[in-house]
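Beneath this line is the structure, given in structure tokens, with notes to follow.
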Amino acid sequence: MKLERTDRMEKYGTPFKELSFKKKTQHIWEYYRWYIASVIIGIIILGSLVLTMFRPQKEFAVHVVIAGKVISDETQQQDIERFESEWDTNLSISSVNFESVGQLEMVMMQKIPLLVRTGELDILIVSKNTHMNYLNQGAVDMFLPLDTIEELKPLLEDKKDSLITSEHIEVSTTDDDYREKIEALKNEGHIYGIEVNALPGIPSLELTEELVIGITGTVKDLSKTIEVIEYLLR
């Protein structure tokens, strides 16, 4: 190994330390270019990640997550940009089949409650089974009771046959306190979601299953959120 290194260093007829700057550069590039390229690429990737992490993110008044069996056409990006510019709303759409417990579905199931807790989700639109799973497993506080919002009463009346209420909750958790809480809520008949089979406000999106619209318990701007929901269902 030492001899090989010596041969390389003396390729130009003189020891490496006696080579001119140009010859040294040529020597280093010839034998170490792949290492150098790897380091440069690594720096670029790391720099990109750092910029992404620390670049100021645009703040939106409303954040919407739609996750379920949906099909989007080529104009989806136009709809997303329209919601950003006209409604100050971030629209996140994911085609997910929650009936198959795959990696993507598991990630989404865990990501959604996290977004709620951090105040980064105002309107959640998911499959009925997924919506009910959250309620049944003890996450009723994820959602705002829609019947307590005066501005929504006309919409709730119009959708009275498509409402998810506390009476639909079938508690699957062993938490006795939650069971008692739900029994009390059932008597109050709170509304936690609206079933829909279309979202006319997003022309690029086709629903291939019924989804449920809910308002999260950490909603930032309730008035604006209501306007967005009414637009989605216009």
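The values are calculated or read from the model by the stated rules, or taken from the named source; none is laboratory data. Note that the coordinates shown come from a computational prediction; the quantities given were computed from them, not determined experimentally. With ideal geometry, Cβ positions are generated from the backbone for all residues, glycine too; neighbour counts draw on all protein chains shown. Accessible surface areas use protein heavy atoms only, side chains included; no ligands, DNA or RNA. Shrake-Rupley method; radii C 1.70, N 1.55, O 1.52, S 1.80 Å.
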(Q) Quick check on region 135-143. Is at least one of its residues open to solvent by less than 20 Å² (accessible area, probe 1.4 Å), among the polar types (S, T, N, Q) and not in a helix (DSSP H, G or I)? (A) no
Q. Somewhere in region 161-175, is a residue among the small types (Gly, Ala, Ser) and open to solvent by 50 Å² or more (accessible area, probe 1.4 Å)?
A. yes
(Q) Going through LEU121, LEU115 one at a time, which residue ends up being part of a helix (DSSP H, G or I) and open to solvent by less than 60 Å² (accessible area, probe 1.4 Å)? (A) LEU115
Q.
Of everything in region 165-215, what is polar (S, T, N, Q) and at pLDDT below 90? Give them in sequence order.
A. THR165, SER166, SER172, THR173, THR174, ASN187
Q | Per-region count, region 59-106, residues closer than 22 Å to VAL219 by Cα, open to solvent by 60 Å² or more (accessible area, probe 1.4 Å) and either assigned to a loop (DSSP other than H, G, I, E, B) or without any contact (Cβ under 8 Å) to a residue 12 or more places away in the chain (or both) | A | 4
Q: Could you list all residues from region 178-201 that are in contact with a Leu (Cβ under 8 Å, 6 or more places away or on another chain), exposed (fewer than 13 other Cβ atoms within 10 Å of the Cβ) and either touching a residue at least 60 places away in the same chain (Cβ under 8 Å) or not polar (S, T, N, Q) (or both)?
A: PRO200
Q. Among the residues of region 209-223, is there at least one that is out of contact with any helix residue (DSSP H, G or I) (no Cβ under 8 Å at 6 or more places or on another chain), in a strand (DSSP E or B) and open to solvent by 50 Å² or more (accessible area, probe 1.4 Å)?
A. no
